[in-house]
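**Student:** Before anything else, here's the structure in question.
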Amino acid sequence: MRTYTICGSMRFALEMKEIAFQLETQRGYNILQCVYCDGRPSDEEVKRLEAAHYRKIDLSDGIYVVNIGGYIGDSVRNEIEYAERNGKEIIYHCETH
């Protein structure tokens with residue numbers, strides 16, 4: 001079973017949850033997701049969440065980038081670069097809005 005960390009803008013949190021469900025149930029992937037929260041996390045919480053997310057990438061075979069409407073923000077771009085530097089497979093899920 002391949003393990004992927006799902007990456008994408010938090011503006012697409014609902015879509016990422018749905019895609020993660022499909023990947024696990026239909027393709028048999030093990031998906032590591034980001035933490036979704038209501039409200040705005042503090043700067044310290046953001047740092048912890050980012051560190052945890054990069055650790056998930058380390059534990060994964062690759063990342064699954066959710067790209068909706070061509071939007072990839074700076075954080076996701078940094079995650080893609082990190083995955084590339086560490087020899088991880090990168091899969092793009094592209095949708096138009």
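Taken together, the values in this text are just the output of simple stated rules run on the coordinates, not laboratory data. Worth saying up front: this structure is predicted, and the values here are computed from it rather than measured. Reconstructed Cβ throughout: ideal geometry from the backbone, glycine too, with neighbour counts over all protein chains shown.
**Student:** With Cβ to Cβ distances under 13 Å as the rule, what net charge do the other residues near VAL66 carry (K, R +1; D, E -1)? Spell out each step's value before the answer.
**Tutor:** Numbers: positive: ARG11, LYS17; negative: GLU15, GLU18, GLU79, GLU95.
Here the count lands on -2.
**Student:** What label, among (i) -0.28, -0.47, -1.41; (ii) -0.24, -0.41, -1.33; (iii) -0.30, -0.50, -1.23, belongs to log10 I(q)/I(0) by the Debye sum over Cα atoms at q = 0.10, 0.13, 0.23 Å⁻¹ computed from the structure on display?
**Tutor:** (ii)
**Student:** For the stretch 78-97 and the stretch 10-63, what is the centre-to-centre distance using only Cα atoms, to the nearest Å?
**Tutor:** 13
**Student:** For ASN30, enumerate residues with amide H under 5 Å from its amide H, sequence gap 5+ or separate chain, H modeled in the peptide plane.
**Tutor:** ARG2, THR3, TYR4
**Student:** At a temperature of 4 °C and a viscosity of 1.567 mPa s, determine how fast the stretch 11-60 diffuses translationally according to Stokes-Einstein, using the Kirkwood radius over alpha-carbon pairs as Rh; express D in µm²/s, rounded to the nearest whole number.
**Tutor:** So the translational diffusion coefficient is about 106 µm²/s.
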